[in-house]
Every structure is written in C-alpha cells, then in structure tokens.
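*Asks:* Please see the structure below; I have some questions.
The values are calculated or read from the model by the stated rules, or taken from the named source; none is laboratory data. This is a predicted model, so every value here is computed, not measured. FYI the Cβ positions are ideal-geometry reconstructions off the backbone, even for glycines, and counts take in every protein chain you see. Ligands, DNA and RNA are excluded from the accessible area calculation, which covers all protein heavy atoms including side chains. Shrake-Rupley method; radii C 1.70, N 1.55, O 1.52, S 1.80 Å.
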Amino acid sequence: MVAGVKKLVKDWTFEAVSLGYPGPVLHNRVVADPHNMAPGWLGFNFENAFQCPVKVVNDAAMQALGSYKGGKMLFLGLGTGLGSALIVEGIVEPMELGHLPYKKGTYEDYVGDRGLQRSGLKKWRRHVADVVSRLVAALEPDDVVIGGGNVKHLKELPAGCRAGENANAFLGGFRLWDQRARDKA
C-alpha cells in the first residue's frame with residue numbers, strides 16, 4: 001500500500017499523511033488487521049515508511065470528521081462492511097457497530113457487500129432501513145450521515161438521514177491536523 005501511494009504522489013510535496021484505516025485504531029496505532037483485507041497492518045510503522053508524521057484513524061471516523069457540522073452525529077458507511085463513528089461536540093469516537101449481532105449474523109452481514117449480494121437490492125434496502133432505525137433509536141443523534149460506496153444503491157435515504165460522500169474523507173484528513181478546523185467542526 002505504501003509503495004502504491006508513494007508512486008501516485010511522487011511529484012507531490014507534503015509534510016504529513018492522514019491515513020483512514022478500515023479497522024480499529026487506538027492512539028494512532030492499528031489494533032487489529034482488517035476483516036476484509038490482507039494482514040500485515042498490525043505493528044506497521046507508517047511514519048518510517050512515509051518519512052513524515054502520520055495520523056492513523058479509522059476510515060469511517062475520517063469520513064465522519066469530514067461530514068461533521070456540529071452536535072451529535074452518527075456516521076454509517078455502507079461498503080465492504082459497515083463502518084461507523086459517532087461525533088459528539090467535536091469529539092470523534094470510532095465504533096465497530098457492524099460487528100454487533102443482528103438476526104442470524106451481524107449488522108455488516110446484512111448491510112455490507114455480503115448482504116447486498118446475498119439478499120438482492122430490494123431486501124438489502126429494507127435491512128439498511130431497519131439497521132439505521134435501530135442505531136438511531138439507541139444512540140439518539142442529532143444528525144445521521146450515510147456514506148460509503150454503497151449509499152448510491154439506496155433509492156431514498158432513511159428519514160432524517162443525509163448522504164455522505166467519500167470525498168469528505170479528504171476534509172476529515174485535513175481536519176485531523178488542523179486544531180482550528182476541529183474546534184469549528
């Protein structure tokens with residue numbers, strides 16, 4: 001991954017890197033290899049590899065930070081799995097809600113790629129609406145953003161939700177380094 005990124009940005013000048021990681025991160029360190037990708041992330045020294053300061057956060061948290069407008073916001077990322085983060089008054093809390101039990105599996109078994117492929121679009125949309133309503137009832141957010149690559153498959157968003165965009169992860173990456181932007185978020 002690092003070699004690929006370095007190749008893509010070989011003509012760029014940068015002083016720092018923000019990395020959105022698809023799994024749990026604690027204190028800027030990967031806690032476990034991702035469920036949906038190859039191993040080798042745990043214990044990897046990103047600062048050494050990129051030769052600059054690196055901030056590593058959960059990928060859903062990065063997109064959530066870029067989508068945040070204030071108050072208490074729940075971010076749900078529909079993609080390979082179910083990414084999730086909660087932001088309360090500017091404090092970002094990455095969550096692993098996709099791994100919670102649901103029906104005969106987990107939330108991400110029903111609303112991630114596996115669920116979409118297994119259930120078909122119409123049933124998948126019903127599962128998404130049900131999962132979102134359960135999480136909103138439990139967490140009581142002021143704002144709900146549904147992002148990720150599969151949000152485009154929703155004919156309409158669940159009530160009270162707005163669509164996020166993957167590009168918001170870029171803004172989230174910048175906000176990680178800019179204390180003033182985090183204070184305004």
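*Asks:* Calculate the dipole size of the range 43-185 relative to its Cα centre from +1 charges on Lys and Arg beta carbons and -1 charges on Asp and Glu beta carbons; express the result in debye to the nearest 20. Before the final figure, lay out the partial values.
*Replies:* Numbers: 19 positive and 16 negative charges, 122 e Å.
The calculation lands at about 580 debye.
*Asks:* Taking Cα pairs under 8 Å and at least six residues apart, what relative contact order does the range 84-124 come out at, in percent? Write out the running numbers ahead of the final one.
*Replies:* Values: 34 pairs, mean separation 8.8, N = 41.
Computed value for the range 84-124: 21 percent relative contact order.
*Asks:* Based on the mean of other beta carbon atoms within 10 Å per residue, what is the order of 50-58, 18-26, 136-144, most packed first?
*Replies:* Working: 50-58: 17.2, 18-26: 19.0, 136-144: 14.3.
Descending packing order for the listed peptides: 18-26, 50-58, 136-144.
*Asks:* May I ask for the longest run of the chain untouched by GluC sites (Glu not before Pro) that are loop-located per DSSP and have at most 11 neighbouring C-beta atoms (other than their own) within 10 Å? Let's see the in-between values first.
*Replies:* Details: sites that count: Glu15, Glu89, Glu156.
That gives 16-88 as the longest site-free run.
*Asks:* What FRET efficiency do you get for Arg118 and Trp12 if R0 is 35 Å and r is their Cβ-Cβ distance, rounded to the nearest 0.05?
*Replies:* Details: r = 41 Å, r/R0 = 1.16.
After rounding, the FRET efficiency stands at 0.30.
*Asks:* What does the extension gain come out to for Arg162 and Val54, with contour length at 0.36 nm per residue minus their alpha carbon separation? Could you put the intermediate results ahead of the total?
*Replies:* On the way: separation 108, 0.36 × 108 = 38.88 nm, distance 3.02 nm.
Extending this stretch completely gives an extra 35.9 nm.
*Asks:* Please label the shape of the range 86-178 as rounded, prolate or oblate, based on the square roots a ≥ b ≥ c of the eigenvalues of the alpha-carbon gyration tensor (a/c under 1.5 means rounded; beyond that, a/b larger than b/c means prolate, else oblate). Numbers along the way, then the final one.
*Replies:* On the way: a/c = 1.80, a/b = 1.55, b/c = 1.17.
Prolate.
*Asks:* For the range 31-185, what value does the Rg/Rh ratio take when both radii are computed over Cα atoms and Rh is the Kirkwood radius, given to two decimals? Mind dumping the intermediate values first?
*Replies:* Numbers: Rg = 15.8 Å, Rh = 16.1 Å.
On the Cα set of the range 31-185, Rg over Rh gives 0.98.
*Asks:* Before I look further, what does the chain give for accessible area per residue, probe 1.4 Å, in whole square angstrom? Don't jump to the answer; show the numbers that get you there.
*Replies:* Values: 10530 Å² over 185 residues.
The answer is 57 Å² per residue.
*Asks:* For the chain, what does the relative contact order come out to in percent, with C-alpha contacts under 8 Å and a separation of six or more? Numbers along the way, then the final one.
*Replies:* On the way: 317 pairs, mean separation 40.7, N = 185.
Once normalised by length, the contact order is 22 percent.
*Asks:* Next up: Sum up the lysine pairs in the chain that clear both bars: alpha-carbon distance under 23 Å and a spacing of 8 or more or different chains.
*Replies:* Lysine pairs satisfying the spacing and distance rule in the chain number 16.
*Asks:* Here's another thing I want to ask about it. Quick one: Cα centre-to-centre distance for the range 1-33 and the range 77-151, in angstrom?
*Replies:* 25
*Asks:* Once you sort the root eigenvalues of the Cα gyration tensor of the range 1-78 as a ≥ b ≥ c, which label holds: rounded (a/c under 1.5), prolate (a/b larger than b/c) or oblate (the other case)? Write out the running numbers ahead of the final one.
*Replies:* Details: a/c = 1.94, a/b = 1.35, b/c = 1.44.
In terms of gyration-tensor shape, oblate.
*Asks:* Can you work out the Karplus-derived ³J(HN,Hα) for every residue in the range 42-58? Use 6.51 cos²θ - 1.76 cosθ + 1.60 with θ = phi - 60°, whole Hz, and x for glycine or proline.
*Replies:* 4, x, 5, 9, 5, 5, 5, 5, 8, 6, 6, x, 10, 10, 10, 9, 4
*Asks:* Name all residues of the range 52-86 having a backbone nitrogen under 13 Å from the label point set 7 Å from the Cα of Glu93 along its Cα→Cβ direction, giving them as ranges.
*Replies:* 72-75, 85-86
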